[in-house]
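One structure is given below, encoded as C-alpha cells.
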Amino acid sequence: MKNLYAIFFIWITLSTQTPPLHAQEKEETDNTQNTALQKKEQKGFRDADPVFEFSLRKDLPILAGSGAMAVTGMYLMAQVPPLTEAQVNALDPMDVNAFDRAATRQYRYQDANLSDYLLTLSAVTPLSLLASRSVRREFAPVIIMYFETAALNGGLTSISKGLFKRKRPYAYNPEALMSDKLSVGARHSYFSGHVSTSASFCFLTAYMVNRYAEKPGWKLAAWSGAAVIPGAIGYWRFTSGKHFPTDIITGYLVGAGTGILIPYLHKAQLPEDVTLNIQPLPYGVQMTLTF
C-alpha cells in the first residue's frame, strides 16, 4: 500500500508542476534563428503548433447527445425500485457467478471513502494541466474536452445502471446494514461509476500529456498514473462490497475508451469529416463514429 501511495504522489506531482516553457530571449534580427532559439529553450511541454481544436460541427452533437444520455440515464435510475426486506432475505450468494462471488464477502466501509477521495483527485487532474501556459493557450478545447468526457461517460454509466438494475455485492452480505440494502442504490451495481469516471479523466489527462509533452518521462508518468489510479479505485470498490469484478472491469474499459476517444476527436490535424454522433434510445444508446 505504501508503494501505491508513492506512485500516486509522484504522478500527481509531475502532472501538476508548471514547466518553464520559455527562457527570456534576446532580440534577434533573424526571425528564423529566433524561432529555433525558442524551440531549444522550451522545457517540458511544447508551445508551438495547436494540438487540440474546438469545432461546432464536431462538438455540438457530442455535447447535445451526451447531455441527453445523462438525462435519460438519471431518469432510468430513478425508475429502479428498491429491494424489499423479503427480497433481501431471499438473496443467496451462490446465485452469483463464481468469478464475482468473492465480492459478496467484502464489506470494508472505510475503503469506499478512500475510493471517493481518489475519485475527486482524478476529476481535478485534467484541469491541473492548465498550469502550463501551452495548455492554457488552448483553454477552450481543453475545457470542452473535459465536460464532454464527463458527460459521455456519465451518460453511459447511468444508462447502464438504470437498465441492468444489478444488485450490489453487499446486498448478499449478512454483515451489511439493512438500510443500505433497502436503498435504491443497492440496485445500481453495473457498472462501476467510480472506476469509469476515474479512468475517463485519467486517460484524458494522459492523452493530453502525451500530445503536449516532449520529454518521455512526462508521458510515462501520465500513462502509468492513468493505469494505476482507476485500478486502485476498483480495488477499493471491490473490498468495500460496492462492486463485482465485472462491474469494475467494464467501468475501466468504458472510462478509458471515453478518455481516449474525446481528445482523439479534437486533434488539430484530424479531418473535419470525422464526427461522433450520439442518440439516446428508449433502452440504450446509439453512437456512430463517422470517418
*Mind checking which residues of the stretch 140-161 are in contact with a helix residue (DSSP H, G or I) (Cβ under 7 Å, 6 or more places away or on another chain) and either of a type in the set (Phe, Trp, Tyr) or more than 16 Å from MET77 (Cβ to Cβ) (or both)?*
VAL142, ILE144, MET145, TYR146, GLU148, THR149, LEU152
*Please go through the stretch 186-213 and pick out each residue that is within 21 Å of the chain's Cα centre (by Cα) and of a type in the set (Gly, Ala, Ser).*
SER189, SER192, GLY193, SER196, SER198, ALA199, SER200, ALA206, ALA213
*Filtering the stretch 231-251 down to residues that are over 17 Å from the mean Cα position of the chain (by Cα) and part of a helix (DSSP H, G or I), which residue is surrounded by the most Cβ atoms within 10 Å (Cβ to Cβ)?*
PHE238
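Just to be sure I understand, how many residues within the stretch 102-126 are within 19 Å of the chain's Cα centre (by Cα) and either modelled with pLDDT under 95 or over 13 Å from SER200 (Cα atoms) (or both)?
Looking only at that region, the number is 7.
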_Every residue in the stretch 175-206 that is in a loop (DSSP other than H, G, I, E, B) and of a type in the set (Asp, Glu), please._
GLU175
_If I filter the stretch 168-176 for residues that are under 26 Å from GLU85 (Cβ atoms) and without any contact (Cβ under 8 Å) to a residue 12 or more places away in the chain, do I get at least one hit?_
yes
_Residues of the stretch 218-255 satisfying the condition of being closer than 12 Å to ALA206 by Cβ and without any contact (Cβ under 8 Å) to a residue 40 or more places away in the chain_ = LYS219, LEU220, TRP223, ALA226, ALA227
*Among the candidates VAL254, VAL228, VAL209, which residue alone is part of a helix (DSSP H, G or I), buried (at least 24 other Cβ atoms within 10 Å of the Cβ) and among the hydrophobic types (A, V, I, L, M, F, W, C)?*
VAL209
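Here are PHE201, PHE191, PHE238: which of them is in contact with a Pro (Cβ under 8 Å, 6 or more places away or on another chain) and either more than 18 Å from VAL135 (Cα to Cα) or hydroxyl-bearing (Ser, Thr, Tyr) (or both)?
On the way: PHE201 fails: either more than 18 Å from VAL135 (Cα to Cα) or hydroxyl-bearing (Ser, Thr, Tyr) (or both); PHE191 fails: in contact with a Pro (Cβ under 8 Å, 6 or more places away or on another chain).
Residue meeting the stated conditions: PHE238.
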*Can you name the residue in the stretch 48-99 that is assigned to a loop (DSSP other than H, G, I, E, B) and β-branched (Val, Ile, Thr) and, of all such residues, is surrounded by the most Cβ atoms within 10 Å (Cβ to Cβ)?*
VAL51
_Residue ID - farthest from GLY257 (Cα to Cα), chosen from residues in the stretch 211-229 that are at pLDDT 95 or above and touching a Phe, Trp or Tyr at 6+ places or on another chain (Cβ under 7 Å)_ = ALA221
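The values are calculated or read from the model by the stated rules, or taken from the named source; none is laboratory data. Fair warning: this is a prediction, and the values are worked out from it, not measured in the lab. Every residue, glycine among them, receives a Cβ derived from its backbone with ideal geometry; neighbour counts consider all protein chains shown.
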